[in-house]
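Below: the structure, in structure tokens.
The values are calculated or read from the model by the stated rules, or taken from the named source; none is laboratory data. Computed from a predicted structure; not experimentally measured. Here the Cβ is made from the backbone with ideal geometry for all residues, glycine too, and neighbour counts use every protein chain on show. Ligands, DNA and RNA are excluded from the accessible area calculation, which covers all protein heavy atoms including side chains. Shrake-Rupley method; radii C 1.70, N 1.55, O 1.52, S 1.80 Å.
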Amino acid sequence: MFPFFWDPTYILVIIGIAISGLASAYVNSTFKKFDEVRSRKNVTGTQAAQFILQDSGITDVMVRPISGNLSDNYNSKDKTLNLSESTAQSMSVAAIGVAAHECGHAVQDQKNYIPMKIRHAIVPVANLGSTIAFPLILVGVLLSYNQTLIYLGIFAFSFALLFQLVTLPVEFDASRRAVKILSAGNLLTEEEVPMVKKVLFAAALTYVAAALSTFLQLLRLIILFGGRNRD
Ligand SMILES: [Zn+2]
């Protein structure tokens, strides 16, 4: 029998997919809820981002709109802070929160925040790892359970988890910085800050879910192939 795609441990993969799905539904509904709350100070996501960057003494980062929904990101390579259409022009509390979170990444970059540097360094290794992991394991299985290839595959996959784990402090820290800046009171009122916290917490949960789901996949590979000799 070929115990790779369908076997009892596949339940771990399904649990991972369910967790990720729930987290994604939660962030979407939370964002939607607070996207309907218009900020009292009538600033757009773009204006909020520009204000925060200026206030943090960051002058070399360009704020620009991009297409997509919740595709907001900060790019440290070309120093751009990219806000999705739903964030850039919106005056909602949710949009300001997301914009401030991306500014949090720009501030991390400015301050040479170590976890962010580590995360960047891991990206190519993690991409390579998740690309070659399954082919390695598959070939290992086909070569009558060649343990070396199988272990190499599992090892390669573990870099995908490492990347997800290093992402967590980077994301939580960016949100922490965002809340701190917004609590200073120039962009949000006191009642609006807890709303932003909810949006950013929901967003952070998606990263926790991704890490958990990758962990479950790694666990499955270890249960299936780790330390087992088929002879
Ligand atoms: Zn982020």
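Nothing charged except the Cβ atoms of Lys and Arg (+1) and of Asp and Glu (-1): what's the magnitude of the dipole of the stretch 28-79 about its Cα centre? Round to the nearest 20 debye. Walk me through the numbers before you get to the answer.
Working: 8 positive and 6 negative charges, 38 e Å.
With Lys and Arg at +1 and Asp and Glu at -1, about 180 debye.
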Point to revise | Beta bridges per DSSP with both ends in the chain, % antiparallel, nearest 5 | key: 45 percent
Point to revise | Sparsely packed trypsin sites (Lys or Arg not before Pro) within the stretch 135-231, loop by DSSP, other Cβ within 10 Å at most 14 | key: ARG228, ARG230
**Study point:** Euclidean distance between Cα centres, the stretch 102-118 to the stretch 20-82, Å
**Key:** 16 Å
Check your understanding: Using 0.36 nm per residue, how much length does the chain from THR189 to GLU36 gain when fully extended, once their Cα-Cα distance is taken away?
Key -> 53.5 nm
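Tell me the relative contact order for the chain as a rounded percent, counting alpha carbon contacts under 8 Å between residues six or more apart. Let's see the in-between values first.
Working: 335 pairs, mean separation 63.4, N = 231.
Dividing the mean separation by the residue count of the chain yields 27 percent.
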Exercise for review: Restrict the search to the stretch 176-225; then list the GluC sites (Glu not before Pro) that DSSP places in a loop and that have at most 11 other Cβ atoms within 10 Å of their Cβ.
Suggested key: GLU190, GLU191
Review point. Given R₀ = 41 Å, FRET efficiency for LEU128-ARG176 by Cβ-Cβ distance, to 0.05?
Key: 0.85
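Hand me the trypsin sites (Lys or Arg not before Pro) from the stretch 11-65 located in a DSSP loop with no more than 16 other Cβ atoms within 10 Å, in residue order please.
Values: sites: LYS32, LYS33, ARG38, ARG40, LYS41; in loops: ARG40, LYS41.
Those that pass, being in a loop and sparsely packed, are ARG40, LYS41.
Given the DSSP H assignment, sum -39500 (n - 2.57) over each helix run of at least 4 residues in the chain and divide by its residue total; what's the result at 222 nm in deg cm²/dmol, nearest 500?
Working: 7 runs with 158 residues, N = 231.
Dividing the helical sum by the residues of the chain leaves -24000 deg cm²/dmol.
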Exercise for review: Can you bin the stretch 9-59 into rounded, prolate or oblate? Criterion: square roots of the alpha carbon gyration tensor eigenvalues sorted a ≥ b ≥ c, rounded for a/c under 1.5, prolate for a/b above b/c, oblate for the rest.
Suggested key: oblate
Exercise for review: Just check the stretch 5-138 against the gyration tensor rule for me: Cα atoms, a ≥ b ≥ c as the square roots of the eigenvalues, rounded for a/c under 1.5, and otherwise prolate or oblate depending on whether a/b exceeds b/c.
Suggested key: oblate
Practice item. Hey, can you find the accessible area per residue of the chain for me, probe 1.4 Å, expressed in square angstrom? Key: 52 Å²
